[in-house]
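Structure record follows, encoded as structure tokens.
Bear in mind these aren't lab numbers, they're just calculated from the coordinates by the rules spelled out. The structure displayed is predicted, hence computed values, not measured ones. Cβ placement follows ideal geometry from the backbone for every residue including glycine, while neighbour counts extend to all protein chains displayed.
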Amino acid sequence: MNIFVCIKQVPDTETKIELTKDNSNSYIDTKEIKWIMNPYDEFALEQALLIKDQFKTGVNVIALRVGAINPATEILRTALAMGADEAILVEATENLSPYPTALALKRAIDKFQKPVDLLLSGKQSIDYDNFQVPQILSTMLNIASVTQIVSFNITSDSGSGSGSFKVQLKREIEGGAVEIYNLNLPLSCSCNKGLNTPRYPSLPGIMKAKKKSITTYTLQDLAIADSEKRIEYKSYFLPKEKPPGKKYTFPEGDVGKQRALIEEVCNSLKKESVL
Amino acid sequence: MSNSKSNSILVFIEINQNNHDIKDVSKQILSNVSILGADVIIIGDDLSDENREKLKNLGADNIYTVNSNIFPGSNYSPDGFARVVSEIIKGNDYKFVFSGVTSKSKDFFPILSATFNSAMISDVTKVDIDGSSNISFVRPLFAGKCLANVIPVDNGPRPYFITVRPNSLTINPTPKIGRGIVTNKSPTLSANEIRSKVFELVKGASDRLDLTEAKIIISGGRGMKNADNFKLLHEMANILGASVGASRAAVDSGFAPHSMQVGQTGKTVSPELYIACGISGAIQHLAGMRTSKYIVAINTDTNAPIFTKADYGIVGDLFQVVPILTEILKENI
Ligand SMILES: Cc1cc2nc3c(=O)[nH]c(=O)nc-3n(C[C@H](O)[C@H](O)[C@H](O)COP(=O)(O)OP(=O)(O)OC[C@H]3O[C@@H](n4cnc5c(N)ncnc54)[C@H](O)[C@@H]3O)c2cc1C
């Protein structure tokens with residue numbers, strides 16, 4: 001069984017976003033950014049590794065990334081250190097939009113010449129928050145797709161990683177309701193928090209990762225033209241900061257004063273027609 | 001078979017399961033774009049006369065309804081919905097297909113866009129229509145720490161698929177009145193052509209609006225101390241018809257399920273009123289709720305960062321403040 005896992009690195013969630021100064025709001029300033037593996041992709045990779053642990057033999061995990069060599073190589077090394085067997089890097093700019101990203105992944109998978117049994121990815125990347133690539137890619141690969149899964153259960157008729165598989169998935173929707181899917185492979189799943197707890201790379205894992213190879217393609221290799229972009233980010237800007245609000249100190253002890261204060265806040269909200 | 005009189009916009013409409021009204025986000029979109037000529041599609045949900053009239057008054061010309069008994073076990077399937085909507089699109093000449101950001105559209109709109117080899121612009125918070133009917137969009141990046149103006153490229157494959165974040169557009173009070181012609185479509189696909197379909201639907205514990213759609217949210221953080229104390233917030237929520245949210249610390253401590261988490265790795269919300277109780281206001285939490293119209297914060301620590309974003313901050317013990325607040329709301333609402 002080949003499990004392809006889409007991985008992206010994103011700015012650490014603590015990052016303060018600044019715009020490049022040189023070219024009027026042309027792009028985000030990435031110089032000071034600390035990169036982390038997209039948190040949802042960690043769940044996807046962990047799920048692939050859990051399947052490998054479960055079946056012991058016959059499972060091949062391939063990490064995939066479209067992005068700039070630096071920092072993309074580093075994140076693929078992390079994936080290999082966590083336990084992925086192989087890695088594919090498609091060299092591209094960091095801000096490729098979802099359609100060409102999915103197309104690059106599709107063509108890289110074709111070129112790699114291993115059939116996709118399972119495609120795992122994060123439900124969204126926490127930088128551009130597009131929530132699109134897994135479903136576009138699964139459509140291009142012509143396989144079924146389920147997004148935002150919070151539970152994944154796989155059984156094999158042979159008990160190993162080769163054979164016929166049955167998968168049960170759970171997807172959480174509005175109001176905490178849960179949809180249950182019973183499916184066969186091949187399949188694409190995008191992963192949500194709650195699915196598992198990602199492992200850390202082990203020291204032997206890190207050593208082994210150094211010997212594993214990363215197959216690299218360029219966008220030219222995959223015949224992806226600039227005209228595939230379809231949408232254009234014209235300009236970037238920062239949100240307006242709110243003017244400071246009112247701050248009250250809750251008076252100790254005096255119930256009358258306490259009530260008066262809360263009533264004042266409620267009346268203000270009523271005046272703004274929020275209550 | 002492109003239709004020369006086709007409208008340029010199709011809106012995917014959803015109905016709330018609890019009150020059978022049209023979702024607010026569907027109304028918000030339709031009333032703002034119908035000026036350009038809009039049709040709508042509803043899948044699975046029965047269309048009441050009342051809702052038909054509402055859609056017409058928000059500007060819908062053609063109202064396509066599709067019966068859902070081809071999706072057994074539930075009324076949803078990602079590839080099934082994509083297929084059904086694509087059949088409507090193929091008979092027309094739409095430039096844009098809209099939906100609110102909902103768990104369905106997040107799931108099947110990208111599939112649709114791939115079917116048409118076109119692009120999707122997700123989670124937009126502003127739709128600008130200029131004098132020559134050109135549309136441009138604003139969408140947040142990095143959980144709202146930054147925003148971008150996004151446009152479709154000229155001559156790109158059509159239609160473009162656009163999802164709009166709930167509560168980011170206001171309902172246009174004077175929309176164009178549409179023709180409101182209902183057409184029932186039966187999809188040409190059979191049940192065995194659908195690959196991923198819901199086998200079973202397990203209802204959530206709460207029948208409140210999802211956080212992403214709620215007008216008022218009361219959230220609790222680590223300061224709530226335990227799961228049981230969330231009762232205080234639910235009690236206030238019942239009075240206000242609000243939904244209850246939580247910080248990640250509260251979720252990770254087991255006070256609340258992940259479906260209630262607000263923030264960069266939870267839900268992004270834009271209610272009219274957000275009441276934060278015992279939440280410090282970490283950057284990842286603020287990212288998920290900063291676009292709330294009014295923010296009230298209750299926290300014992302006067303230096304908590306949440307106060308920098310709060311319209312009304314109360315420095316005090318939530319276990320004293322919340323009961324009094326609930327009592328006053330009960331008397332007044
Ligand atoms: C990758 C990543 C993603 C993250 N994503 C999210 C996310 O999506 N959402 C999110 O919320 N966080 C997220 N976080 C976590 C975030 O950094 C904070 O740890 C978290 O938001 C803190 O939650 P809190 O405010 O409830 O807890 P704390 O920071 O511990 O704050 C508790 C507050 O309660 C106050 N308090 C205590 N007792 C009382 C009382 N009796 N009355 C009133 N006030 C009281 C305290 O003064 C304090 O300010 C993320 C972190 C990382 C690294």
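Overview of results
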{"read-out": "Phi to ³J(HN,Hα) by Karplus 6.51 cos²θ - 1.76 cosθ + 1.60 over the stretch B:137-153, Hz, x for Gly, Pro", "value": "10, 10, 9, x, 10, 6, 6, x, 6, 8, 10, 9, 8, 10, 10, x, 6"}
{"read-out": "Charged-residue dipole, Cβ positions (Lys, Arg, Asp, Glu), the protein assembly as shown about Cα centre, Debye nearest 20", "value": "600"}
{"read-out": "Under-5 Å amide H pairs with B:K95, H placed in peptide plane, nonlocal only", "value": "B:I9"}
{"read-out": "Rel. contact order, % - alpha carbon contacts under 8 angstrom, at least six apart, chain B", "value": "15"}
{"read-out": "Percentage relative contact order, the stretch B:69-188, counting C-alpha pairs under 8 Å, at least six apart", "value": "29"}
{"read-out": "Rounded to 5, the percent of DSSP beta bridges in the protein assembly as shown classed as antiparallel", "value": "35"}
{"read-out": "Residue mean of other protein chain beta carbons inside 10 Å, B:97-109", "value": "3"}
{"read-out": "GNM flexibility winner over chain B from B:A214, B:A237, B:A60 (Cα, springs under 10 Å)", "value": "B:A237"}
{"read-out": "Long-range amide H partners of B:L141 with built H, under 5 Å", "value": "B:C146, B:L147, B:A148"}
{"read-out": "Between helix A:39-55 and chain A: long-axis angle, C-alpha atoms, 0 to 90°, nearest 10", "value": "40"}
{"read-out": "Computed FRET value (nearest 0.05) for A:K211 with A:D12, which takes r as the C-beta separation and R₀ as 30 Å", "value": "0.55"}
{"read-out": "Dipole-positive endmost among B:I162, A:I28, A:G175 within the protein assembly as shown (Cβ charges, Cα centre)", "value": "A:I28"}
{"read-out": "Prolate/oblate/rounded label for the stretch A:136-236 (Cα gyration tensor, a/c 1.5)", "value": "oblate"}
{"read-out": "Ratio Rg/Rh, restricted to the protein assembly as shown and using Cα atoms, in which Rh is the Kirkwood radius", "value": "0.97"}
{"read-out": "Exposure proxy ranking, count of Cβ atoms within 10 Å, fewest first, for B:T302, A:T73", "value": "B:T302, A:T73"}
{"read-out": "Unsatisfied cross-links (Cα-Cα over 25 Å) in the set A:K31/A:K114; A:K114/A:K229; A:K271/B:K293; A:K193/B:K106; A:K257/B:K215", "value": "A:K31/A:K114; A:K114/A:K229; A:K257/B:K215"}
{"read-out": "Sorted by Cβ density within 10 Å, fewest first, the residues B:H285, B:H20", "value": "B:H20, B:H285"}
{"read-out": "Chain A: most fluctuating residue of A:S235, A:S121, A:S188 per GNM, C-alpha cutoff 10 Å", "value": "A:S235"}
{"read-out": "Calculated FRET efficiency for the pair B:N226/A:F237, C-beta based, R₀ 45 Å, to 0.05", "value": "0.60"}
{"read-out": "Average projected area [Cα convex hull, chain B], square nanometres", "value": "18.2"}
{"read-out": "Within the stretch B:23-144, percent of DSSP bridges classed antiparallel, to nearest 5", "value": "45"}
{"read-out": "Label-point separation in nm, B:K185 to B:V202, each point 7 Å along Cα→Cβ", "value": "3.4"}
{"read-out": "Residue mean of other protein chain beta carbons inside 10 Å, A:138-146", "value": "5"}
{"read-out": "R0 of 41 Å, Cβ-Cβ distance A:S227-A:K166: FRET efficiency to nearest 0.05", "value": "0.45"}
{"read-out": "Amide H contacts under 5 Å for A:E232, placed H, 5+ residues apart", "value": "B:I151, B:V153"}
{"read-out": "Pair B:K90, A:D254: separation of 7 Å Cα→Cβ label points (nm)", "value": "7.5"}
{"read-out": "Cα point-scatterer Debye curve for the stretch B:6-97, base-10 log of I(q)/I(0) at q = 0.20, 0.21 Å⁻¹", "value": "-0.97, -1.06"}
{"read-out": "Value of relative contact order over chain A, rounded to a whole percent, pairs C-alpha under 8 Å and six or more apart", "value": "23"}
{"read-out": "Separation of the B:H234 and A:D157 label points, Cα + 7 Å toward Cβ, nm", "value": "4.6"}
{"read-out": "Proxy reagent accessibility, fewest Cβ within 10 Å first, across B:K54, A:K21", "value": "A:K21, B:K54"}
{"read-out": "Gaussian network model of chain B, Cα within-10 Å springs - most flexible of B:G316, B:G245, B:G178", "value": "B:G316"}
{"read-out": "Per DSSP, loop GluC sites (Glu not before Pro) in the stretch A:13-72 with at most 10 further Cβ within 10 Å", "value": "A:E14, A:E32"}
